[in-house]
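The next block holds one structure in the form of structure tokens; read it before the comments.
Bear in mind these aren't lab numbers, they're just calculated from the coordinates by the rules spelled out. Remember, predicted model here, so these are calculated numbers, not experimental data.
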């Protein structure tokens, strides 16, 4: 028993080797490339075998018929789309953000078809009949009107509940 413990530290047999051996003779270029290849993109670019093993089984059976040019073109398009996704998402968010504000513009002259606020717009949205001087798209005006009517103890259905509650919960019944 003592010879087993002496020859096999902590019960590990001698023929088992440790995995994850890091070479001390790794050059700086190899280390940089290893850290750049965290996602495996460089490996798939240079190795056809890794490219095929990374695919789903349904597409893997046909990938043997692809030429090297088609494979690298597919990888190049994938890399371009991956790099362009954050930029396109940023542009979409900026476009949506600027739609919530009005640009500065000069005040329009009073004429027959200008300044329609003095006309009644309740025919468009009958549920908003409390605030007849605001147009339906002017949310800031509607907020001020509803706050004013709420302070006068008017009950406006649909504006008492939070906006995230779209369905009735069972606890309210």
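Straightening the chain between residue 90 and residue 46 buys 12.7 nm, computed as 0.36 nm per residue apart minus the Cα-Cα spacing.
With the cut-off at 14 Å, report for the stretch 28-101 the share of all Cα pairs above it, as a whole percent. Percentage above 14 Å: 71.
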